[in-house]
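**Student:** The structure's right below; bear with me while I get my questions together.
The values are calculated or read from the model by the stated rules, or taken from the named source; none is laboratory data. Since the model is a prediction, treat every value here as computed from it, not as a measurement. In this analysis, Cβ positions are derived from the backbone assuming ideal geometry, glycine residues included, and neighbour counts consider all displayed protein chains.
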Amino acid sequence: MADGELFTSNLPPKVEPLNPISHWFMAIGLWGILLAVLNMFGKVHPTYHVSWGGLLTFEFTNKAFEPISNGVQITASDGVFLLICFALIYTAFKNINKTIGFSSWFRGLFLNETWKSLGGGNEIQRTIAAWCLLLGIIFYFWYGIQHTAWIDVGAYSVTIALVGFGFAMLYSLNSPEGDSKVD
C-alpha cells in the first residue's frame with residue numbers, strides 16, 4: 001500500500017459485540033439516580049442527608065453526612081452526582097443502541113432463560129442463580145423501603161452476597177468446557 005492510501009475492505013462492517021460494561025454503567029447510573037432523588041427528599045437515610053462529594057471522597061472534600069431538614073434539600077454535590085449518573089447512562093445507552101438496539105436489550109432483561117427458570121427447569125444451577133438474583137434485588141428494595149436505609153452496609157452485604165452468587169452461578173454455566181483429564 002502506498003503512502004497516503006486508505007485501506008478499504010470489501011467485507012460488510014461487523015456489528016460490534018455489546019460491551020458488558022454497558023450493563024454495569026446502566027445499572028449503576030439508574031441506581032445512582034434513585035439514590036440521588038431519595039436523598040433530595042430525605043428518604044435515603046432516616047436521620048442524615050448524604051453529601052455525595054464527601055461520601056465518595058471519604059470526607060476529603062467535606063463531611064459525608066449532614067443533618068436532615070424538612071422538605072426538599074438539594075445541594076451542589078447532588079447535582080454533580082446526578083451528572084455523573086446521567087453520563088454513565090448516556091454512555092451505556094449509546095453503546096447499547098449502537099450494537100443491538102435499546103428495545104431489544106430492554107426486552108432481553110426480562111425475557112431470557114434465567115427468569116424462565118424461576119419456576120423450575122432442566123438446569124438446577126440456573127434456577128438457583130435466578131432465585132439468588134431475584135431475592136437479592138427484592139431484599140434490597142424491601143429493606144430500603146421498610147427502614148428508609150438505602151445506603152445501609154448490612155443491606156449491601158446481603159444484597160451483594162445474593163446477587164454476586166447468582167451472577168457467579170450464571171457465568172459458570174456459560175463458561176467453556178474444560179479438559180476432562182488433568183496432567
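Results for (1) surrounded by 15 or more Cβ atoms within 10 Å (Cβ to Cβ); (2) of a type in the set (D, E, K, R); (3) at pLDDT 85 or above, shown as yes or no for each residue.
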site: Asp3; (1), (2), (3): no, yes, no
site: Pro13; (1), (2), (3): no, no, no
site: Ile21; (1), (2), (3): no, no, yes
site: Phe60; (1), (2), (3): no, no, yes
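**Student:** Restricting segment 57-84 to residues that are of a type in the set (A, V, I, L, M, F, W, C) and without any contact (Cβ under 8 Å) to a residue 12 or more places away in the chain, which is farthest from Phe141 (Cα to Cα)? Please lay out each step first, then the result.
**Tutor:** Our first condition is that a residue be of a type in the set (A, V, I, L, M, F, W, C); within segment 57-84, this holds for 58, 60, 64-65, 68, 72, 74, 76, 80-84.
Subset that is without any contact (Cβ under 8 Å) to a residue 12 or more places away in the chain: 58, 60, 83.
Working: Phe58: 25, Phe60: 30, Leu83: 24 Å.
The residue in question is Phe60.
**Student:** Looking at the structure I just gave you, is Gly144 within 15 Å of the chain's Cα centre (by Cα), closer than 17 Å to Ala27 by Cβ and in the same structural domain as Gly164 (by TED's automatic domain parsing)? Quick ask: steps written out before the conclusion?
**Tutor:** Working: within 15 Å of the chain's Cα centre (by Cα): no; closer than 17 Å to Ala27 by Cβ: yes; in the same structural domain as Gly164 (by TED's automatic domain parsing): yes.
No, not satisfied.
**Student:** For the condition hydroxyl-bearing (Ser, Thr, Tyr), surrounded by 14 or more Cβ atoms within 10 Å (Cβ to Cβ), in contact with a Phe, Trp or Tyr (Cβ under 9 Å, 6 or more places away or on another chain) and modelled with pLDDT of 90 or more, what is the one hit in Thr127, Thr75, Thr91, Thr99? Reasoning before the result, please.
**Tutor:** On the way: Thr127 fails: in contact with a Phe, Trp or Tyr (Cβ under 9 Å, 6 or more places away or on another chain); Thr75 fails: modelled with pLDDT of 90 or more; Thr99 fails: modelled with pLDDT of 90 or more.
Within the list Thr127, Thr75, Thr91, Thr99, the selection yields Thr91.
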